[in-house]
1. To make sure I understand, if each residue's beta carbon is the centre and we count other beta carbons within 10 Å, what order do K60, K49 fall in, fewest to most?
2. Using 0.36 nm per residue of separation minus the Cα-Cα distance, give me the extension gain between E110 and E37 in nm, one decimal.
3. Multiplying the sequence separation of N135 and D12 by 0.36 nm and subtracting their Cα-Cα distance, what value in nm do you get?
4. List the chymotrypsin sites (Phe, Trp or Tyr not before Pro) in the range 4-90 that DSSP assigns to loop (not H, G, I, E or B) and whose Cβ has at most 14 other Cβ atoms within 10 Å. Which are they?
5. With +1 on the Cβ of every Lys and Arg and -1 on the Cβ of every Asp and Glu, and nothing else charged, how large is the dipole of the range 1-65 about its Cα centre, in debye rounded to the nearest 20?
6. Report the FRET efficiency, 1/(1 + (r/R0)^6), for D149 and H90, where r is their Cβ-Cβ distance and R0 is 35 Å, rounded to 0.05.
7. By the scheme Lys and Arg +1, Asp and Glu -1, what is the net charge of all other residues having a beta-carbon under 12 Å from that of D61?
8. Using helices alone, I'd like the mean residue ellipticity at 222 nm for the chain: each DSSP H run of four-plus residues gives -39500 (n - 2.57), total over residue count, nearest 500.
Amino acid sequence: MTARAGEVFDTDRAVSDIEAALLVSLPSSGPTTDEGEPDTGEWTSTRGKGFMLFPLWESKDLVGVYETEWTDAEEMAEGHLTALVAELTHRWGPHRTVTMGPALWNPPTEEPFRSLVANDCLGDLTVWGPVTESNARWVAVSLNQCDGDAPMILTALITDSPIDPLE
């Protein structure tokens with residue numbers, strides 16, 4: 001579960017969260033750490049050398065959801081991603097896709113991909129960058145689901161270096 005569980009998706013809020021994250025200092029060294037809500041421990045972000053990964057939205061739990069209801073939930077989540085990608089493309093221009101497919105059979109050892117896999121963020125990355133001039137940042141968003149009953153999670157990744165395809 002993430003700290004975004006139960007929130008209604010709002011494209012403007014998601015964009016605002018991404019823009020705020022672009023202003024945050026990224027770690028220049030040290031271990032990768034997961035951060036959570038103090039009271040619940042629900043995931044709020046993962047930070048490591050040169051990157052920050054965080055949830056933007058989480059669907060309801062899909063345990064016991066089948067057929068039409070599951071399809072509707074999936075279409076709604078994909079619609080959220082599509083709306084966010086459209087808004088970010090409007091702001092930053094064309095994007096590119098970095099597939100997470102290779103991570104399924106060859107777990108990456110380099111960050112931020114290692115943290116993406118560790119947090120079950122295996123959805124393809126939609127990437128822009130650099131999107132800032134003063135501190136050269138790259139942004140990626142993705143829609144993720146670790147298994148058929150788990151919630152769908154829309155995440156953002158901010159890095160201080162290019163997000164290159166996995167090999």
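1. Ranking K60, K49 by Cβ neighbours within 10 Å, fewest first, gives K60, K49.
2. Length gained between E110 and E37: 23.6 nm.
3. Additional length available on full extension: 42.0 nm.
4. Those that pass, being in a loop and sparsely packed, are Y66.
5. That gives the range 1-65 a dipole magnitude of about 280 debye.
6. So, using R0 = 35 Å, E works out to roughly 0.50.
7. Neighbourhood net charge equals -2.
8. -9000 deg cm²/dmol
Every read-out reported here was derived from the displayed coordinates using simple, explicitly stated rules and does not represent laboratory data. None of the values given here were measured: they were computed from a predicted structure. Glycine gets a Cβ as well: all are built from the backbone with ideal geometry, and neighbour counts include every protein chain shown.
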